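These notes concern the structure reproduced below.
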């Protein structure tokens, strides 16, 4: 295969997907009030529902995908938009084409809309029509309340998407923030697929291997979008989405990934295929002015909050450090000096200079009450006793005893117990980050963000996904000053720490309590339940609420909530 440069990748990617989004307006030239609907010489179905996304005060992306009989080059459809669900009066209709070269996906950037307004939409042919979708534009000026749902990590073979279905029942959401791992690249027999066939969640035979090519990724999205819970949520609420690693492959970074192996072709070609499929299947704008090679972007909810969606994966991320690279294989000694030097070198970047500058400039100048970062990985410092690192790498029955001992020592230390030995103190004060793939592995850029927010006296709120577990933590700079708060959502279906550590529910609760004691900046943890997070913003406070389901392995399930409150 010929070598593909990063510049070639960016150019071809955006040339390919840029034409897939059609800009139409409810007002102005080029509009059509015709109620005529498209007609084709073949049968058409809308098997994958509808979706809206990337709402602004005057526009929103509308999406569908048609499934035609045969393989025509084009399928004609009509977009209808109305203020009423019965479509008795059309605000506008537009004749569109679903093209084979775009996998029969249709994306429309509908503009000329009124701020803070709801609209109904559907895609129609003479023979049939899509499900009806609801979308909403962003508010402007004096805004008193915004409620966001936060989700990530939905693995189709791992379990039912009850979490999506539960969120779809709500009528109080302004948007869904999807923080990535919308799909997973693994094949059957791989990660979290052991119960898939029994649940009826197996992958199709023509897409059951690890996905690598453009058609592979397209088929995987198509499979996920047959889920009725996901379809219902897309139809009810606009998504503001960003990718994480599994939209390409596990633990990806700018030039490679842990799960891209010999025999799978050139990584950049795979990345190009994956991101093209993402742009085709997701209701996101494929281009951002002056940021043509990036997905990071900003959304303003009046004077209440500024939302910055960040790319911590594919834009500029350096490869994460690995503790094993700093352990002498002969002596077992750890090169702490070398590790610390590599950890704090400027080249160990997560956002990259362009994205970091864009973010800090916006943080400084924003007049909104809340500054919200929507991104993938934990920013809270998850510093655990160093001796636990080996136990986490190789879980054993002794780990529970070890954790209990450390928690007891930490409790005594916090209580000022003068009988503690220096050795005991060292066991809980000699700490290290447990996950170098998160912000703990990229501390320099984190410190820049926190210092910027502190210096500008901003109310910083960070939301994260990726870990499959629910967390809340205080964001402290190098001096220990609290500069913001982080909330992380549990996964939709991907297994959490309880699965990896083989813990029952009661053990998982105890483990979470011990972590909250041992990790200084951690304030809440749930490591054994799947769910999503809502954040309710007002001028006075942020209310956080985690919504959990008791199982994703059974069709019947129960849900319950865990609420906390932050007042700033």
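Points worth noting:
- Residue 318 vs. criteria closer than 28 Å to residue 142 by Cα and either in the same structural domain as residue 116 (by TED's automatic domain parsing) or assigned to a loop (DSSP other than H, G, I, E, B) (or both): no
- Within region 456-496, the residues that satisfy the criterion of being over 22 Å from the mean Cα position of the chain (by Cα), on the phi < 0 side of the Ramachandran plot and without any contact (Cβ under 8 Å) to a residue 40 or more places away in the chain are 477, 478, 479, 481, 482, 483.
- Count of region 421-440 residues, restricted to those that are assigned to a loop (DSSP other than H, G, I, E, B) and under 19 Å from residue 381 (Cβ atoms), is 6.
- Test: residue in region 202-217 that is under 16 Å from residue 279 (Cα atoms) and within 20 Å of the chain's Cα centre (by Cα): yes
- Where residue 471 falls short, out of the listed (1) crowded, with 23+ Cβ neighbours inside 10 Å; (2) touching a strand residue (DSSP E or B) at 6+ places or on another chain (Cβ under 7 Å); (3) not in a strand (DSSP E or B): (3)
- Flag for residue 565 being surrounded by fewer than 20 Cβ atoms within 10 Å (Cβ to Cβ), under 22 Å from the mean Cα position of the chain (by Cα) and part of a strand (DSSP E or B): no
- Selected residue (criterion: nearest to residue 114 (Cα to Cα)) from residues of region 32-70 that are part of a loop (DSSP other than H, G, I, E, B) and touching a helix residue (DSSP H, G or I) at 6+ places or on another chain (Cβ under 7 Å): 49
- Per the listing 149, 192, 165, 232, the residue uniquely assigned to a strand (DSSP E or B) and in contact with a helix residue (DSSP H, G or I) (Cβ under 6 Å, 6 or more places away or on another chain) is 149.
- Going through (1) within 28 Å of residue 149 (Cβ to Cβ); (2) without any contact (Cβ under 8 Å) to a residue 60 or more places away in the chain; (3) surrounded by fewer than 23 Cβ atoms within 10 Å (Cβ to Cβ); (4) in contact with a helix residue (DSSP H, G or I) (Cβ under 8 Å, 6 or more places away or on another chain) one by one, residue 200 falls short only on (4).
- Residue list for region 521-546, restricted to those being closer than 23 Å to residue 500 by Cβ and either assigned to a strand (DSSP E or B) or touching a residue at least 60 places away in the same chain (Cβ under 8 Å) (or both): 521, 522, 523, 524, 525, 526, 530, 531, 532, 533, 546
- Scoring residue 35 on the criteria (1) within 29 Å of the chain's Cα centre (by Cα); (2) within 17 Å of residue 125 (Cβ to Cβ); (3) at pLDDT below 80 leaves a single failure, condition (1).
- Residue satisfying all of: in region 71-115; in contact with a helix residue (DSSP H, G or I) (Cβ under 6 Å, 6 or more places away or on another chain) and in contact (Cβ under 8 Å) with a residue 60 or more places away in the chain; nearest to residue 48 (Cα to Cα) among these: 105
- Of all the criteria given as (1) under 19 Å from residue 383 (Cα atoms); (2) in a loop (DSSP other than H, G, I, E, B), the one not satisfied by residue 484 is (2).
- Candidates 257, 232: the one that is crowded, with 18+ Cβ neighbours inside 10 Å and over 26 Å from residue 119 (Cβ atoms) is 257.
- Restricting region 391-420 to residues that are in a loop (DSSP other than H, G, I, E, B) and surrounded by 14 or more Cβ atoms within 10 Å (Cβ to Cβ), the residue that is farthest from the chain's Cα centre (by Cα): 420
- Within the set 205, 222, the sole residue that is under 25 Å from residue 553 (Cα atoms) and buried (at least 19 other Cβ atoms within 10 Å of the Cβ) turns out to be 222.
- Looking across region 362-390 at every residue that is in contact with a helix residue (DSSP H, G or I) (Cβ under 9 Å, 6 or more places away or on another chain) and part of a helix (DSSP H, G or I), the one that is modelled with the lowest pLDDT is identified as 389.
- Taken residue by residue, region 152-160 has no member that is surrounded by fewer than 22 Cβ atoms within 10 Å (Cβ to Cβ) and either at pLDDT 95 or above or under 25 Å from the mean Cα position of the chain (by Cα) (or both).
- Residue check: residue 320 meets all listed conditions (1) modelled with pLDDT of 95 or more; (2) touching a strand residue (DSSP E or B) at 6+ places or on another chain (Cβ under 9 Å); (3) under 23 Å from residue 362 (Cβ atoms) but one, namely (3).
- Considering 531, 504, the condition of being modelled with pLDDT under 95 and closer than 17 Å to residue 550 by Cβ is satisfied by 504 alone.
- Residue 359 surrounded by 18 or more Cβ atoms within 10 Å (Cβ to Cβ), more than 30 Å from residue 115 (Cα to Cα), modelled with pLDDT of 95 or more and touching a strand residue (DSSP E or B) at 6+ places or on another chain (Cβ under 9 Å): no
- Leading residue by the ranking (nearest to residue 375 (Cα to Cα)) among those in region 441-451 that are in a helix (DSSP H, G or I), in contact (Cβ under 8 Å) with a residue 60 or more places away in the chain and out of contact with any strand residue (DSSP E or B) (no Cβ under 9 Å at 6 or more places or on another chain): 445
- Residue match in region 497-504 (condition: touching a strand residue (DSSP E or B) at 6+ places or on another chain (Cβ under 6 Å) and either surrounded by fewer than 23 Cβ atoms within 10 Å (Cβ to Cβ) or touching a residue at least 24 places away in the same chain (Cβ under 8 Å) (or both)): no
The values are calculated or read from the model by the stated rules, or taken from the named source; none is laboratory data. Just so it is clear, the structure is predicted and the values come from calculations on it, not from any experiment. Here Cβ is always computed from backbone atoms with ideal geometry, including for glycine, and neighbour counts include all displayed protein chains.
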